Amino acid sequence: MRKLLLTTLFLAVPTGQAIAGAWEAKTMRQPLANREVERPLILTKGWLQFDLGVDWKVAQGYWTSEGEAADFEYARWTYTTERIGIQYGVTNRSELEFAFPVHYLRLENDTLGTDTRDFGLGDPSFTYTFEVLRRTAPLTSVVLYGHAKLPAGNESPGEYIGGPNAITKFVMTSGTFDYTLGAAAKQQAGPVAIRLGGGYTYRQAAVVQYLVEIEQYQFAGRIKPGDVLHGTGGLTIQAGPVALDGAVTGRMRGETRIGTTGEGGLGNDQLDAVAASDGWSLDATASLIVQPSRGIDLIGGVGIPLRGEDLQFFPIEDIHPTRGLTYSGTLQMRF
């Protein structure tokens, strides 16, 4: 009888995690903070996020070779990006992100009486981010990332003869592969979070249809856009389910080179630098983030150009952007 009683008591006493584990809820997802200031710089493991957004810019003008703002006299340039983004938290320390943009463009010129519109695919990209450090309460998040842009947009302007009325297509890509390596950090202090980041973008040379090489009588020239060194500083302030975010981004761009492909394995040997194609730019962004639930964010923002570079490759915004406010709206959904 005593042996039976001891056996019964032993089975009734909890033995720690081994017994309780059978009754615990199992999930592969890591916790995700409700507030923006408490979230790390990667999407935590097991979460899937979809971004649906649009960016809309009506250009006010351009930048001169001295970096001064100048206005278009008779033209209006509308540049929009409609985008779909997918992010997935792969592991405890990493995420993958894919972006698929399309563009609607419109150029109006009162003097020439033209109104040209176009719609087409942009350049898709993917990013792998690895978090090297994370601490909570308060949050500290430090990441390294690699980003690649693939040329998929239209790179032919259509006919070269017949004047402006013959141009029915806009170039929507630089036509080059771009590779970026960078790092970023985020530090929370109560309802405030500070972000710092920077990186280097290498732009690979390519033969493109929009570049006419008249010296060698080739309708497709070779271009090597200038590499870009960039840095960003940002601040987020949380107030309940609403967050205000502001950031400033600076870029240093190298010279763009064009020409014909060289012989052998040195294809860039015959490229000549385009005068005043390098320089630096500065942009600011301001955003309002509304978070009605853990799974949904609504983001509205505006991009403000503070300084730019000489407009030499219009309408290729990917090399030298026009000057104008960019309004954006994004719906983020997480599952």
Exercise. Compute the relative contact order of the range 36-334 as a whole-number percentage, counting only Cα pairs closer than 8 Å that sit 6 or more residues apart in sequence.
Key: 17
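Do you know the relative contact order of the range 24-127, to the nearest whole percent, from alpha carbon pairs under 8 angstrom that are 6+ apart? Each step should come with its number before you reach the end.
Values: 209 pairs, mean separation 24.7, N = 104.
Rounded, it is 24 percent for the range 24-127.
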Exercise. Determine by what factor the alpha-carbon radius of gyration of the range 204-315 differs from 2.2 N^0.38 Å, reporting the quotient.
Key: 1.55
Practice problem: Calculate how steeply helix 2-12 sits against the longest principal axis of the alpha-carbon atoms of the chain, using the helix alpha-carbon long axis, and give the answer as 0 to 90 degrees to the nearest 10. | Solution: 20
Self-check item: Paired Rg and Dmax values of the chain, which use every Cα atom, in angstrom
Solution: 25.7, 107
Exercise. Kindly rank 66-74, 113-121 from highest to lowest mean number of other beta carbons found within 10 Å of each residue.
Key: 113-121, 66-74
Quiz prompt | Ellipticity estimate at 222 nm from DSSP helix runs (n ≥ 4, -39,500 (n - 2.57)) divided over the chain, nearest 500 | solution = -1000 deg cm²/dmol
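A short reminder: the numbers here are calculations on the coordinates, not readings from a lab. Computed from a prediction, not measured in an experiment: that's the story for all the values here. Every residue, glycine as well, gets a Cβ built from its backbone with ideal geometry; the counts of neighbours run over all protein chains shown.
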